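Below is one structure, written out as structure tokens; comments come after it.
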Amino acid sequence: MRKCPYCGRENGEEAADCLECGTALAKKEPAARPLESQDEAGREWLGISLRTVCTILLVGGLYLLSFGPVRRYCGTVITTGPTSAGPGITSVRTVRYPAWVSSIYLPAFLIGSASGYDGLYARYLRWWDDRPRPR
């Protein structure tokens, strides 16, 4: 029911004018989205975005961390020894991995070698290499 703003009579929803006094009744327009709803939608979008980014970072971190043990226990050392390749003596180590390790962990191989074998991730991988093998 629509109430007349002038006389207060209640009229039907379809009435354009008040049946008592003839005053034009305001047409109902769809309500605009309240500002609070827009804020809630923004917060909801932000929450979803943060959860997505955190999930991607967590999965990516676990992927990179899993390469240490995989590299340690799936690799077969072929040769190890010193070589003189320049102004100092460096150590060379050749390791063979199964095909699945090479295909799944290619990005981890590239990240480990991109830092010149002196970055944090390369040190993490060396930590796994230096651990004694179980008997």
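The values are calculated or read from the model by the stated rules, or taken from the named source; none is laboratory data. Note that this is a predicted model, so its numbers are computed, not measured. Virtual Cβ from ideal backbone geometry, glycine too; neighbours counted across all protein chains shown.
Limited to segment 1-48, what total is found for residues that are among the acidic types (Asp, Glu) and at pLDDT below 85? So that I can check it myself, show each step before the final result.
Of the residues in segment 1-48, the ones among the acidic types (Asp, Glu) are 10, 13-14, 17, 20, 29, 36, 39-40, 44.
Those still in the list that are at pLDDT below 85 too: 13-14, 29, 36, 39-40.
The total comes to 6.
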> Looking at 125, 120, 106, which is the one that is at pLDDT 75 or above, under 18 Å from residue 62 (Cα atoms), surrounded by fewer than 10 Cβ atoms within 10 Å (Cβ to Cβ) and under 32 Å from the mean Cα position of the chain (by Cα)?
Replying inline: 120
> If you take the residues in segment 49-89 that are at pLDDT 90 or above and β-branched (Val, Ile, Thr), which one is nearest to residue 133 (Cα to Cα)?
Replying inline: 70
